[in-house]
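**Student:** Please see the structure below; I have some questions.
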Amino acid sequence: MFKDITVAVDGSDHARNALEIACDIAKLYEGNIHLVHTPEVQSTGIAVGSGAVEILPTDAAIQDAGHDVMADAVKRARAAGCEPKNQIIGNGRPSTEVIAAAKDTGSDLIVMGRRGLGGVQSFLMGSTSQKIAHDAPCAVLTVK
Ligand code: ATP
Ligand code: MG
């Protein structure tokens, strides 16, 4: 039934659980998995005198971090017996990139974590997973 599965990965435990379940489903239906990850900018601040300066990582550092997250996901998928058909590194808003990847690959299912790397735990779901659930062109599975 599910032939093409887009898996949203961000390096979090929730996304790792999502990937494991996506691989199970892909094997069950002899389908493909398509991995998508968008590197996100995390700034750090340092105190300078009585003020603070925001330090932004370079573009290269952001891309490197993104490739590390993707490489880890590929390794885990292979260990679960699933060769990813696509490894998509997005550049933009993470939820928009996941939706675009699902459309481009003709996916009939998106699998994602309920939460991600974000520190704010006041909502049941993260902002990316909420947006994906709202805009998805296909079925969505949210994994704890
Ligand atoms: P918030 O980002 O709103 O602080 P959060 O980080 O806890 O909250 P989300 O970002 O919504 O939660 O993450 C939920 C799921 O969405 C993740 O488990 C992952 O499947 C997907 N996701 C989140 N960020 C990305 C990303 N940058 N690239 C690809 N998928 C992502
Ligand atoms: Mg997040």
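The values are calculated or read from the model by the stated rules, or taken from the named source; none is laboratory data. Note that this is a predicted model, so its numbers are computed, not measured. With ideal geometry, Cβ positions are generated from the backbone for all residues, glycine too; neighbour counts draw on all protein chains shown. Quick note on the areas: whole protein, heavy atoms, side chains included, nothing else; ligands and nucleic acids left out. Shrake-Rupley method; radii C 1.70, N 1.55, O 1.52, S 1.80 Å.
**Student:** Given the criteria within 14 Å of ligand 1 (Cβ to nearest atom), under 25 Å from His134 (Cβ atoms), at pLDDT 95 or above and in a helix (DSSP H, G or I), does Ala101 qualify?
**Tutor:** Criteria met by Ala101.
**Student:** Could you give me the residue pairs with C-beta distances under 9 Å whose first residue belongs to region 124-144 and is farther than 19 Å from Glu20 by Cα, whose second residue is of a type in the set (Phe, Trp, Tyr) and open to solvent by 50 Å² or more (accessible area, probe 1.4 Å) wherever it lies, and which are 6+ apart or on separate chains?
**Tutor:** Gln130/Phe123
**Student:** A further question follows. For region 1-36, how many residues are in contact with a His (Cβ under 9 Å, 6 or more places away or on another chain) and either under 20 Å from Asp72 (Cβ atoms) or within 16 Å of ligand 2 (Cβ to nearest atom) (or both)? Break it down stepwise before answering.
**Tutor:** Initial filter on region 1-36 (in contact with a His (Cβ under 9 Å, 6 or more places away or on another chain)): 4-11, 15.
With the extra rule that they be either under 20 Å from Asp72 (Cβ atoms) or within 16 Å of ligand 2 (Cβ to nearest atom) (or both), the set shrinks to 5-11, 15.
Total meeting the criteria: 8.
**Student:** Assess whether Gly116 counts as being part of a loop (DSSP other than H, G, I, E, B) and either surrounded by 13 or more Cβ atoms within 10 Å (Cβ to Cβ) or in contact (Cβ under 8 Å) with a residue 60 or more places away in the chain (or both).
**Tutor:** Details: part of a loop (DSSP other than H, G, I, E, B): yes; either surrounded by 13 or more Cβ atoms within 10 Å (Cβ to Cβ) or in contact (Cβ under 8 Å) with a residue 60 or more places away in the chain (or both): yes.
Yes; evaluated as a whole, the condition is true for this residue.
**Student:** Oh, and also: Sort through Leu19, Leu35 and tell me the only one that's near ligand 1 (Cβ under 10 Å from one of its atoms), outside any helix (DSSP H, G or I) and closer than 27 Å to Gly119 by Cα.
**Tutor:** Details: Leu19 fails: outside any helix (DSSP H, G or I).
Result: Leu35 is the single residue among Leu19, Leu35 that is near ligand 1 (Cβ under 10 Å from one of its atoms), outside any helix (DSSP H, G or I) and closer than 27 Å to Gly119 by Cα.
**Student:** Here is a further query. When residues of region 27-79 are filtered for being among the hydrophobic types (A, V, I, L, M, F, W, C) and closer than 26 Å to Arg93 by Cβ, how many remain?
**Tutor:** At the first step, the residues of region 27-79 found to be among the hydrophobic types (A, V, I, L, M, F, W, C) are 28, 33, 35-36, 41, 46-48, 52-53, 55-56, 60-62, 65, 69-71, 73-74, 77, 79.
Applying the additional criterion that residues be closer than 26 Å to Arg93 by Cβ yields 33, 35-36, 41, 55-56, 60-62, 65, 69-71, 73-74, 77.
Here the count works out to 16.
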